[in-house]
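The values are calculated or read from the model by the stated rules, or taken from the named source; none is laboratory data. Just so we're clear, the structure is a prediction, and the values are computed from it rather than from any experiment. As a convention, Cβ positions derive from the backbone with ideal geometry for all residues, glycine included, and neighbour counts pool all protein chains shown. Side chains included, ligands, DNA and RNA excluded: accessible areas come from the protein's heavy atoms. Shrake-Rupley method; radii C 1.70, N 1.55, O 1.52, S 1.80 Å.
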Protein chains: 2
Amino acid sequence: MDYQKRIKKLQEKLRRKKVDALLVSQPENRRYLCGYRSGDHGIGESSGLLLVTARGKVYLLTDFRFKLQAQQDVPWAEVVLYPKGVMRLLNRLLPELAITSLAFESDYTLYSVADKLSTTLGKKGIKMVPTNGLVETMREIKDEQEINLIRKAVRLNEAVFTDIHNALSRYSTEIDIALAIETTMRRKGAEKPSFSTIVASGANGALPHAVPGNSALAQNGSLTIDMGLILDGYCSDMTRNLVVGKPDQRYLELHRLVRRAQLAGAAAIRAGARCSDVDKAARDVIADAGYGEYFGHSLGHGVGLAVHEEPRLSTRSNKILKAGMVVTVEPGIYIPGWGGIRLENMYVVREDGSENLNSDTTWLDL
Amino acid sequence: MDYQKRIKKLQEKLRRKKVDALLVSQPENRRYLCGYRSGDHGIGESSGLLLVTARGKVYLLTDFRFKLQAQQDVPWAEVVLYPKGVMRLLNRLLPELAITSLAFESDYTLYSVADKLSTTLGKKGIKMVPTNGLVETMREIKDEQEINLIRKAVRLNEAVFTDIHNALSRYSTEIDIALAIETTMRRKGAEKPSFSTIVASGANGALPHAVPGNSALAQNGSLTIDMGLILDGYCSDMTRNLVVGKPDQRYLELHRLVRRAQLAGAAAIRAGARCSDVDKAARDVIADAGYGEYFGHSLGHGVGLAVHEEPRLSTRSNKILKAGMVVTVEPGIYIPGWGGIRLENMYVVREDGSENLNSDTTWLDL
């Protein structure tokens, strides 16, 4: 990855905003800008902050525990430790660097932290400047190198799913399947799941974010598997719906309906299309069939270093799609007491349409 | 759990602070107060907010995806959905409830969210009040029912470790062991790991937060396993250090040294002790042996619904231990190029000392 190019682009933005530096706290933004692979254990436990100055060097601020990893991943940045906390380090380092205005990421900085930074650094004449989206907007559009990495993640995702699907008769509970999926993906080289694997059998399928349980799989009922993985930093996200045993007529009808909605959504994707229009293209198919009230979430979301990122394919998003964006298309129908069906593929937005990153589409057409 | 008692205690605090309600966003605080089991996918993707009014009802605000789970887990609260976002709901609901001052958790609210709440609700005459620690301080001291749940989590943790330890010759890489641990814990009923399992072989042991890798385990080198799980919401956290093959003299000496430091730390625990003094009791043992510079992190941390919570056993913490707190004691020595040794048990603070929640202490005494 050309990290220097990304840094330079960000530095131009900082100079245009007339700030001396940006403190990058959001972990995917951090990884995007410098390749540092350590993750955070939640927002309260950071594995480091990237300080990008507008006209000078880049500093990776971290603590003792991550020193070796930081030096290994980002040999071109200066790794600075904060044995007594990041506040003390900034209080010393920023005046040394003659920084008088420090931008921070308001979408990934706690109110209490921003407040403390403001008070502490204010005494040294340093002004805190809330910003948002400076790096996220860069991340929205993927270059071909990134799309290739995402393609690899999607392929691995499909390989794992195929393994599990072929051996489905071996598993007797939702948890069995979820564990097999997560173990297989890691054996095949994934860093980790991109989110907690969802395996929902029978009526559980009516909960879009069901937690896998220990009871026996429903026979002749629907089974929803929503799984994703992270490979070399990039995420996949895919949902398949199938039946253990013999599908009934209603299942077949609804599966076809959801699939038609998915194809309609995908067909609406192209550079220049409005996100809400893509959502509407799929939603109309489900609504026209009388199931509108059972599709309660957005049609899709961007995927990249984060599994959920901009743009959102939602009724509320006026954003315009651009070539190089990567989005999911995942319509669903959820009927309390009966179950649910959701189908999800990933698409690259191209100038003249979309590229489906998933390949196993045939079996979806029941 | 007696959720009503916890809510009442919080409501008293709110009345003392002269605020009309608290918006609880921190997921463990939310679970502590009402038992809602859905987790968040990071701070930007909440599965719900708990609105606790100072004199009235409790509302669980969530979206379509979590409706059934919310109603199932918290039948006594009013579940309110926000199909058009939480901001719109609050803008309608708070005036209906005659709320004019709304406290929020500044340690788990993004700057951008607090800013938007302030602006939007300000127009309706509602004042936002930053608070911190209102629920966290309640969580610090565990009652016997909670301690029992933690005890069960620790026991399950040990059972999983024993299984893996007995079968160690089967595994050839760090990832193999990590996967076996995480699969075994979930098969035995754990919700999930409480953090990403650390398995560090040979020189990797010098990174306290090493990510398990795919290369062969170092023979006759040290192997650090740091693992935790969540059972019924409560966390365990345990580190063991062992050798695949034959330990050398240096390993044996350092293992004994770390163990002596751990016992010294544990012996310093009692209600009324200062956290920094407990840290010092263990740190002095390592420093006196000439290894002070190789022990770069704090001695321990609280464990409960979160795997890392207050109190911290650190040189920088002036907090006083109270009966019912549960803490880890985990000294370590990390030598770049050679490897590391860390030992971690969990202790309940009692009036007259501490109760070791771990039982397999004998084999630690090499």
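Brief remarks on what is shown
- Selection from region A:218-248 of residues that are polar (S, T, N, Q) and either without any contact (Cβ under 8 Å) to a residue 12 or more places away in the chain or out of contact with any Ser or Thr (no Cβ under 8 Å at 6 or more places or on another chain) (or both): A:GLN219, A:ASN220
- Selection within region A:88-122 - under 26 Å from A:GLY39 (Cβ atoms) and loosely packed, with under 15 Cβ neighbours inside 10 Å: A:ARG88, A:LYS116
- Taken over region B:260-303, the criterion of being within 21 Å of the chain's Cα centre (by Cα), in contact (Cβ under 8 Å) with a residue 24 or more places away in the chain and within 17 Å of B:THR239 (Cα to Cα) is satisfied by B:GLN262, B:GLY265, B:ALA266, B:GLY296, B:HIS297, B:LEU299, B:GLY300, B:HIS301, B:GLY302, B:VAL303.
- The number of residues in region A:151-170 being open to solvent by less than 40 Å² (accessible area, probe 1.4 Å) and either of a type in the set (Asp, Glu) or within 11 Å of chain B (Cβ to nearest Cβ) (or both) comes to 1.
- For region B:1-29, a residue qualifies if it is open to solvent by 10 Å² or more (accessible area, probe 1.4 Å), more than 10 Å from chain A (Cβ to nearest Cβ) and polar (S, T, N, Q), and the qualifying residues are B:GLN4, B:GLN11, B:SER25.
- Boolean, B:ASN148 is more than 14 Å from every other protein chain (Cβ to nearest Cβ), open to solvent by 10 Å² or more (accessible area, probe 1.4 Å), over 30 Å from B:HIS301 (Cα atoms) and modelled with pLDDT of 95 or more: no
- From A:HIS209, A:HIS255, A:HIS308, residue being surrounded by fewer than 23 Cβ atoms within 10 Å (Cβ to Cβ), within 30 Å of A:CYS34 (Cα to Cα) and assigned by TED's automatic domain parsing to the domain that holds A:SER172: A:HIS308
- Taking (1) farther than 23 Å from A:GLY332 by Cβ; (2) of a type in the set (Phe, Trp, Tyr); (3) open to solvent by 20 Å² or more (accessible area, probe 1.4 Å) in turn, B:TYR32 satisfies each apart from (3).
- Residue in region A:264-276 that is within 20 Å of A:GLY353 (Cα to Cα), within 14 Å of chain B (Cβ to nearest Cβ) and open to solvent by 10 Å² or more (accessible area, probe 1.4 Å) present: yes
- Single match in B:THR239, B:THR224 (criterion: within 25 Å of B:SER317 (Cα to Cα) and assigned to a strand (DSSP E or B)): B:THR239
- Residues located in region A:171-205, provided they are part of a helix (DSSP H, G or I), at the interface with chain B (Cβ under 7 Å from one of its Cβ atoms) and hydrophobic (A, V, I, L, M, F, W, C): A:ILE175, A:LEU179
- Applying the condition of being polar (S, T, N, Q) and crowded, with 22+ Cβ neighbours inside 10 Å to region B:212-238 and asking which residue is modelled with the lowest pLDDT yields B:SER222.
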